Amino acid sequence: MRKKICIVYTGGTIGMMPTQQGYAPQPGYFAQSLAQIPDLKSEDMPDWELVELCPLLDSSNIAAAQWHIIGRTIFERYHDFDGFVVLHGTDTMAYSASALSFMLENLNKPVVFTGSQIPLCRLRSDGRDNLTNSLLIAAQGVVRQVCLYFGGVLLRGNRSTKSSADGLQAFSSPNYPVLAHAGVDIRFNHSVIGNPSPSGPLQLVEPQDVPIGVLKIFPGIQFDLFAPILTQNLRGIVLETFGTGNLPDDNGSLLPLIQKAFTHGSIITVCSQCHQGAVHLGTYATSSPLKQAGAVSGLDMTTEAAVAKLYYLFSKGLDKQTIKYWMEQDLRGELTPV
Ligand code: ASP
């Protein structure tokens, strides 16, 4: 029997048209574009149905409320389809894929995020191949988790990051191997797929608009300027630090701020500006005070995954200590436990 895949179209370049302000999505236009791709009608393809969300968005405008809509669209159709392909703008696709990986608890079917760098309406669009391969991957059911297919590679969603603004291989997964390569054949890297084992039926956690922030450390950063931001109102902070978790400690003004934010209930998660490798608080004297100030290590999580995980854990209504604990634990394959 042919598999049935639901395509959830959220917007993004793949279905955009040129307008006077630049590329933008147009309601109804994407369905017409699909009708012009003969491959999608091939008998080797799964059956598919398109759900177009409203409004269609450039992914710069996608956040917690839209993650919820995407999650609900999947949740409500979960038993009617064998898998899902989410068409999404590339700019924040890694955030959304990370968020959905947490929000869809007990997921046991493929959810493949994809999109394109060149719209379908243009010559040389990468959208056609990305969509065709994603549909085939979703139908095969080998990878039963939230993943991201783009430019010939299948990545774990919460390990992915957009690494090229204009290349057709726009995503990478610096701290986790590729789950599959699409060359002449689609070859799965079975030993690293690591599908979770669901402990019950699918659950959808509704993400809340939690006030969180990301602060990238740079040479000469004047921490005092950030004092008005690093207050108890900020419930979570991802610090993008140097190397294995280091920051300038010679003017002494950041740590009291962090300590204060932590005492007031903020969760401070330390990630690295390096794409590859992990945070090790305490390796250098310039990182150990962070630990004393109550920060948690983001280990080898991407910033995208750390942000999405904070949204998720806060949305579950957990207390500070529990969130702190789970930030350092592997929930969906987003980090490598020490
Ligand atoms: N700005 C677009 C978006 O993220 C870029 C893309 O889809 O490639 O929606």
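The values are calculated or read from the model by the stated rules, or taken from the named source; none is laboratory data. Just so it is clear, the structure is predicted and the values come from calculations on it, not from any experiment. With ideal geometry, Cβ positions are generated from the backbone for all residues, glycine too; neighbour counts draw on all protein chains shown. Side chains are part of the model used for accessible areas, which takes the heavy atoms of the whole protein and leaves out ligands, DNA and RNA. Shrake-Rupley method; radii C 1.70, N 1.55, O 1.52, S 1.80 Å.
Of note, VAL85 does not satisfy the criterion of being within 21 Å of VAL307 (Cα to Cα) and crowded, with 23+ Cβ neighbours inside 10 Å.
The single condition from (1) in contact (Cβ under 8 Å) with a residue 60 or more places away in the chain; (2) more than 17 Å from LEU135 (Cβ to Cβ) that LEU100 fails is (1). Screening region 248-268 for residues that are assigned to a loop (DSSP other than H, G, I, E, B) and within 26 Å of the chain's Cα centre (by Cα) and picking the one that is nearest to GLY213 (Cα to Cα) gives SER266. If I filter region 265-278 for residues that are at pLDDT below 90 and either out of contact with any Cys (no Cβ under 9 Å at 6 or more places or on another chain) or among the hydrophobic types (A, V, I, L, M, F, W, C) (or both), do I get at least one hit? Taking every residue of region 265-278 in turn, at least one turns out to be at pLDDT below 90 and either out of contact with any Cys (no Cβ under 9 Å at 6 or more places or on another chain) or among the hydrophobic types (A, V, I, L, M, F, W, C) (or both). The single residue among GLY236, GLY317, GLY245 that is open to solvent by less than 10 Å² (accessible area, probe 1.4 Å), out of contact with any helix residue (DSSP H, G or I) (no Cβ under 6 Å at 6 or more places or on another chain) and either at positive phi or of a type outside the set (A, V, I, L, M) (or both) turns out to be GLY245.
SER116 meets the conditions (1) more than 18 Å from LEU155 (Cβ to Cβ); (2) in contact with a Phe, Trp or Tyr (Cβ under 9 Å, 6 or more places away or on another chain) in every case but one. The failed one is (1). Residues in region 90-123 that are in a loop (DSSP other than H, G, I, E, B) and within 16 Å of the ligand (Cβ to nearest atom): 11 in all. Here SER42 meets each of (1) polar (S, T, N, Q); (2) within 14 Å of the ligand (Cβ to nearest atom); (3) modelled with pLDDT of 95 or more; (4) open to solvent by less than 70 Å² (accessible area, probe 1.4 Å) with one exception, condition (2).
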